Amino acid sequence: MDDLIFLGIESSCDDTAAAVVTGDRRILSSVVSSQTDLHADFGGVVPEIAARAHAERLDLAVEQALEQAGLTLSDLSGIAVTAGPGLIGGVMSGVMCAKGLAAGSGLPLVGVNHLAGHALTPRLTDGIDFPYLMLLVSGGHCQFLRVDGPDDFTRMGGTIDDAPGEAFDKIAKLLALPQPGGPAVQAEAAMGDAKRITLPRPLLDRPGCDMSFSGLKTAVLRQRDALIADHGGLRQADRRDLCAAFQSAVSDVLAEKSRRALTDSPVPVLAVAGGVAANTQIRAALEQVAAEARARFLAPPLALCTDNGAMIAWAGIERFRQGHRDDMTLAARPRWPLDRHAQPMLGSGKKGAKA
């Protein structure tokens, strides 16, 4: 079935995306329409604005993806769409668009778990075999998954509150840095002294691979307020040192939890996806952990680490090969755990619906 050609549609958060991918792992096109400017004044994603933007842009993204691939709907084998988890308005927009295209063209429809799209991306980019360990680490989710098949995921641990990317965004806001917070904090951290300010490494004193970043954010807030009280304001050097200390704490937690996950479930590959994977200090720490465990470290290109349509198209192909099909009853789901047997996580941050 290497002659399969799928259209993938993604609209789970604040990126409207469409892509065309083949069964032999070729990405014929990938279109991503960012909504960053629409949400910039609000300090985060506004669900109503995101849903409206998706509804306005999805047909254009699909049209551009087909045009870039040099194909029409009649050339496709099927349509894959993110059916959850995510901001429900955006997910509904994508599902309704995909249903309309499938009904009009007669093409098969495959609903895809957004997180499965991320988790299966290393199969698209590098063609790796099962099993492997995937660390999903971004603004909306953070969890360790042992991937044994297109629909076979075992959650080994995850965040019980804020995801790391969400924590980066909140720290940037606390320190009056621009959004998105990840790149801004990393840039400041590069000029700071991580050892000057002591911050906690949450949950490292407990067994297992679960993580917590909310308390770390609170610790940064208290340190910031103490520095302001001491100096009558937050100096540039203080901001840089806070960023460096925070980034090092997140890096240490992710590295140690990855080490435990590889110890508990030895596999030949440690893969990482999500926007936080672009952080150079965190990536270097994870590479070191993989090397110590004699596992291959794999991080897809950044364009495929963040939300995109290509990963949804590929996940759709993987599910289609297993015989999965959906019909017009396909429903949008705000929550959709990959590991159906695991207990729900204890909590989630404001963006945690995707986890």
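How large is the convex hull of the Cα atoms of the range 163-254 per residue, expressed in Å³ as a whole number?
83
Roughly what angle does helix 114-126 make with the longest principal axis of the chain, taking Cα atoms, 0 to 90 degrees, to the nearest 10?
80
Let me know the shape class of the range 1-62, please: from the alpha-carbon gyration tensor, a ≥ b ≥ c as square roots of the eigenvalues, rounded when a/c is under 1.5, otherwise prolate if a/b is greater than b/c, or oblate.
Prolate.
With the other protein chains left in place, how much accessible area per residue, in square angstrom, belongs to the chain at a 1.4 angstrom probe?
With the other protein chains kept in place, the chain gives 41 Å² per residue.
What percentage of the solvent-accessible surface of the range 229-288, computed with a 1.4 Å probe over protein heavy atoms, is contributed by carbon and sulfur atoms?
The C+S portion of the solvent-accessible surface of the range 229-288 is 46 percent.
What ratio of Cα Rg to 2.2 N^0.38 Å holds for the range 227-355?
With N residues counted in the range 227-355, Rg over 2.2 N^0.38 Å equals 1.40.
Compute the long axis of helix 214-231 from its Cα atoms, compare it with the longest principal axis of the Cα atoms of the chain, and write down the angle in degrees, 0 to 90, nearest 10.
It is inclined by approximately 40 degrees.
So what's the convex hull volume per residue for the Cα atoms of the range 1-134, in Å³?
Residue-normalised Cα hull volume stands at 110 Å³.
Taking every pair of distinct Cα atoms and averaging 1/r, then inverting, what Kirkwood hydrodynamic radius in Å comes out for the range 39-103?
After inverting the mean inverse Cα-Cα distance, the result is 13.0 Å.
Accessible surface of HIS114 in the full protein assembly, 1.4 angstrom probe, to the nearest 10 Å²?
0
Solvent-accessible area of LYS170, probe 1.4 Å, all protein chains present, reported in Å² to the nearest ten, please.
Rounded to the nearest 10, that gives 50 Å².
Angle between the Cα long axis of helix 280-292 and the longest principal axis of the chain, 0 to 90 degrees, nearest 10?
The answer is roughly 80 degrees.
With the cut-off at 22 Å, report for the range 214-291 the share of all Cα pairs above it, as a whole percent.
Result for the distance tail: 38 percent.
The values are calculated or read from the model by the stated rules, or taken from the named source; none is laboratory data. As the structure is a computational prediction, the values presented were derived from the model and not from experiment. Side chains included, ligands, DNA and RNA excluded: accessible areas come from the protein's heavy atoms. Shrake-Rupley method; radii C 1.70, N 1.55, O 1.52, S 1.80 Å.
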